[in-house]
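The values are calculated or read from the model by the stated rules, or taken from the named source; none is laboratory data. Quick caveat, the model's predicted, so the values are computed rather than measured. Note: ideal-geometry Cβ built from the backbone for every residue, glycine included; neighbour counts use all protein chains shown. The area values use the complete protein model at the heavy-atom level, side chains included, leaving out ligands, DNA and RNA. Shrake-Rupley method; radii C 1.70, N 1.55, O 1.52, S 1.80 Å.
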Amino acid sequence: MAMKKMRWVWVVMLLTIAACTKENPAPGKYEGGVWILNEGVFNGNNASVSFYEPGQGKVTGEVFLNENLRPLGDVLQSMHIHRGKGYLVVNNSQKVEVVDIHTFRSLHTITDLEYPRYFLGVDENKGYLTDGNYQGRVYVVNLETFGITGQIPAGSGPEVLLRAGDKVFVANSGGWGYDSTLTVIDAVTDEVLQTVEVGHQPVDLALDADGYVWALCQGKVVWTADFSAIEYETPSRLVRVDPATYEVMSLEIGSIGDYFNPKRLALDASGNILYFEEAGGVYALDLSTLEIPAGPLIPLQPYGLEVDPDNGEIYVLTSGGGDQPGSLHRYLPNGEQIQSVAVGFFPNGAVFPEENGSVQE
């Protein structure tokens, strides 16, 4: 009888442990690390999220799949953290997956979208979501019900959203067409306040230490009808916008004829050094001088570019192509490489939980 009782005690203990593991994951399971966003191969349904722990150099792959026992979807465009939840915008699957950021367990899926791109938590109850590849819109999302309660008109191909005070700036990239504007929205009333002309095809935004909004503008490339040759192009630019007056200052960073369209922009921890992608790699612009550097700080062409807001370390993400996983390369602010690790397919960004913000792709 004693042996039987002992067996039952062990069975109960094992069942209890299993139940706790399933329903209440160990605290700190996803703490102290960085989320790496992997687009996946287009139409491959293999978008994924990796969890990178810099102190150990450890990468845990397929976090969403492992925690929810189903694929994330097709083309992970971006992710934003807001009030303990992660909003994963899965572009080609036309949805947003909402997860508990501590466990990565799914809480809700926002569907019936056309071409979702980026999410921004505006306040405790409201979020904005850009959508559309031609004429675009910003959906207003109720963060209690996760329902769409309205929409705000934007330009063509709206991408990254950036909050500056009570204003939200939206980069209108042109999508599958052309645009050269930022839409400015009142974050309280959801009304469009202004449309600001910047450079051709703005794709990324950043807010510096002085409160200026910076837009990375790819430049316009027009192809012949059969896409066999370029008819004409305009240079890529960094454009500074005063959010109070909408005054614009522009710096040319790419020349006509280089056939290169930059996509990535990031600020250092102080908000005084602007990192941008151009032909040749990652460049560092000192905002106190505004002198465009002659050469790259990091001679590596990124697919994604982010900066750790705590220590200023630079994360350069590179693609291995459709048949090989991509890589994360981590650098000190002076450009010295610290580590390289393999991640998922087509990594386009990194999200640092401490910043409670979003990754631009």
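General remarks:
- Full extension of the segment from residue 332 to residue 311, taken as 0.36 nm per residue of separation minus the current Cα-Cα distance, would add 6.7 nm.
- Taking a ≥ b ≥ c as the square roots of the eigenvalues of the Cα gyration tensor, region 203-271 is classed as prolate, since a/c reaches at least 1.5 and a/b is larger than b/c.
- GNM flexibility winner over the chain from 211, 147, 57 (Cα, springs under 10 Å): 57
- Accessible area of the chain divided out per residue, in Å², using a probe of 1.4 angstrom: 44
- Three-way shape label, region 110-179, alpha-carbon gyration tensor, a/c 1.5: oblate
- Just the protein heavy atoms count here, and of the accessible area of region 258-351 at 1.4 Å, carbon and sulfur take up 50 percent.
- The Cα center of region 97-156 and the Cα center of region 47-86 differ in position by 18 Å.
- Distant-in-sequence amide H partners of residue 154 (H built 1.01 Å from N, under 5 Å): 136, 137, 138
- Available extension along the chain between residue 222 and residue 256 is 11.0 nm, counting 0.36 nm per residue and deducting the alpha carbon span.
- Rounded if a/c under 1.5, otherwise prolate or oblate - region 245-285, Cα gyration tensor axes: oblate
- Heavy-atom accessible surface of region 34-110: percent carbon and sulfur, 1.4 Å: 47
- Spin-label pair residue 247/residue 124, simplified geometry with 7 Å Cα→Cβ offset, distance in nm: 3.8
- The H on the amide N of residue 46, modeled in the peptide plane, is under 5 Å from the matching H of 41, 75, each at least 5 residues off or on a different chain.
- Backbone phi angles across region 136-144, fed through the Karplus curve with coefficients 6.51, -1.76 and 1.60 (θ = phi - 60°), yield HN-Hα couplings of x, 8, 10, 7, 9, 10, 6, 7, 8 Hz in residue order; Gly and Pro are listed as x.
- FRET efficiency for the pair residue 134 and residue 42, taken as 1/(1 + (r/R0)^6) with r the Cβ-Cβ distance and R0 = 25 Å, rounds to 0.85.
- The accessible area of residue 102, taken with all protein chains in place and a 1.4 Å probe, comes to roughly 100 Å².
- Remark: spin-label model distance residue 339-residue 291 equals 3.5 nm, labels positioned 7 Å along the Cα→Cβ axis.
- Applying 1/(1 + (r/R0)^6) with r as the Cβ-Cβ distance of residue 229 and residue 209 and R0 = 51 angstrom yields a FRET efficiency of 0.75.
- Extension gain, residue 53 back to residue 194 (0.36 nm per residue minus Cα-Cα distance, nm): 46.6 nm
- Using a probe radius of 1.4 angstrom, the carbon and sulfur fraction of the accessible surface of region 167-255 is 48%.
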